[in-house]
Amino acid sequence: MDLDLDQMRSIVVLAEYLNFGRAAAALCISQPALTKQVHRIEETLGGPLFFRKPRQLSLTRAGEVLVEHSRSLLRDAQFAVDVSRSAMKGEAGSLRIGFGLPSLATGLPDLVQRFRRHYPGVHISMREMSTPPQLEALENRTLDVGFVRLPIQAGEITSFPLFSDRLVVAVRSQGHGNVRRGLRSFAGVPFILVSRSASASLYDHIVRTCNAAGFSPRIVQEVGELFTVLNFVRAGAGVALVPHSCKVMNVPRVRFLETGIPSAVWNIGVAFHKSFDSDPTVRNFVSMVRQEYNSGTELFLKGFDISKMKCS
């Protein structure tokens, strides 16, 4: 028969007091009950744990070994209980967050750091992802919270809007100085796009926005990252439609022009699986997200290399 934690605790307490009466009082049991319990443990293990002399009690070598390991097990058990209680309140565990450039540029790093300060026992992992992979990961429950382009079509995903972004025209600083018709002025001009395989939602939005302006974009180059798009623009390879949040990349010799197209605007929101609504860690984070973005506080990007951030 293996020893349980209560039996180990009895041996450890008796080893601390080396007196059956005081140890029994500390354990809130009677002295005869403790004496019988220790005898049963010794019978189970096959030998004495204590040397018993008149008014003197001391540990045998076997007793010392058992007490040493029992203390370690009791500490681990208490730690497990404490962590479990913290997890019940959302103060321990893990949180997996997906995000794209717009949420990064509007203060997500500051928000995550604030959450870490409030809940230091929660391990946060972050993945830069466009909206479609985020939704798939949320559906598969390999992601807890995502910052995605809205609206979404996913029955098991809950979402609500936080802020908006919009497409703007990225042009080389030295060119296109006299643009009076917004995006319509760029019909027939070479376009650089993020490939559809990198972000289907952004690619399709760019094409729809150009169509709303009365033309189809003349695509001369497709790349995988917005930072690469802007550097092709800087080199004079063409123009691009990019999220307004790309301004934080600070690519030299690139300026941004408004499109004049209402449908160039879209919403970014937070999303999570409906089953996670009962997860206290997710609830705590989403509550902080609501509070932060509803406060209207201006947040600024600090200390992050965003040259390779994914689009939303």
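Evaluate the following for Thr228: is it among the hydroxyl-bearing types (Ser, Thr, Tyr) and in contact with a Ser or Thr (Cβ under 7 Å, 6 or more places away or on another chain)? Before the answer, list the steps.
On the way: among the hydroxyl-bearing types (Ser, Thr, Tyr): yes; in contact with a Ser or Thr (Cβ under 7 Å, 6 or more places away or on another chain): no.
No: the conditions fail for Thr228.
Residue-wise test of (1) assigned to a strand (DSSP E or B); (2) surrounded by 12 or more Cβ atoms within 10 Å (Cβ to Cβ); (3) at pLDDT 90 or above.
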| residue | (1), (2), (3) |
| --- | --- |
| Arg22 | no, yes, yes |
| Glu42 | no, yes, yes |
| Ala62 | no, yes, yes |
| Val65 | no, yes, yes |
| Ala80 | no, no, no |
| Val83 | no, yes, no |
| Gly90 | no, yes, no |
| Ser103 | no, yes, no |
| Met126 | yes, yes, yes |
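Here's the yes/no breakdown for (1) part of a loop (DSSP other than H, G, I, E, B); (2) of a type in the set (Phe, Trp, Tyr); (3) within 27 Å of the chain's Cα centre (by Cα):
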| residue | (1), (2), (3) |
| --- | --- |
| Ser159 | no, no, yes |
| Asp165 | no, no, yes |
| Asp204 | no, no, no |
| Gly214 | yes, no, no |
| Leu230 | no, no, no |
| Val233 | no, no, no |
| Gly236 | yes, no, no |
| Val242 | no, no, yes |
| Cys246 | no, no, yes |
Item to complete: Being over 15 Å from Arg52 (Cα atoms) and among the basic types (Lys, Arg) is the filter here, so list the residues in region 1-36 that pass it.
Response: Arg9, Arg22
Worksheet item: Of the residues that sit in region 105-116 and are assigned to a helix (DSSP H, G or I) and buried (at least 19 other Cβ atoms within 10 Å of the Cβ), which one is modelled with the lowest pLDDT?
Response: Ala105
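Considering each of Phe215, Phe276 in turn, give the residue that is open to solvent by 10 Å² or more (accessible area, probe 1.4 Å), aromatic (Phe, Trp, Tyr), more than 17 Å from Pro102 (Cβ to Cβ) and modelled with pLDDT of 90 or more.
Numbers: Phe276 fails: modelled with pLDDT of 90 or more.
The unique qualifying residue is Phe215.
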Discussion item. If I go through region 141-155 residue by residue, how many of them are open to solvent by 30 Å² or more (accessible area, probe 1.4 Å) and either among the small types (Gly, Ala, Ser) or in contact with a His (Cβ under 9 Å, 6 or more places away or on another chain) (or both)?
Written reply: 2
Worksheet item: Hey, among Leu27, Leu5, which residue is within 19 Å of Gln78 (Cα to Cα), within 48 Å of the chain's Cα centre (by Cα), open to solvent by 50 Å² or more (accessible area, probe 1.4 Å) and in contact (Cβ under 8 Å) with a residue 12 or more places away in the chain?
Response: Leu5
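The values are calculated or read from the model by the stated rules, or taken from the named source; none is laboratory data. These numbers come from a predicted model, not from an experiment. For neighbour counting, all protein chains shown are included, and Cβ atoms are generated from backbone atoms with ideal geometry for every residue, glycine included. Heads up: the accessible areas ignore ligands, DNA and RNA and are worked out on the full protein's heavy atoms, side chains in. Shrake-Rupley method; radii C 1.70, N 1.55, O 1.52, S 1.80 Å.
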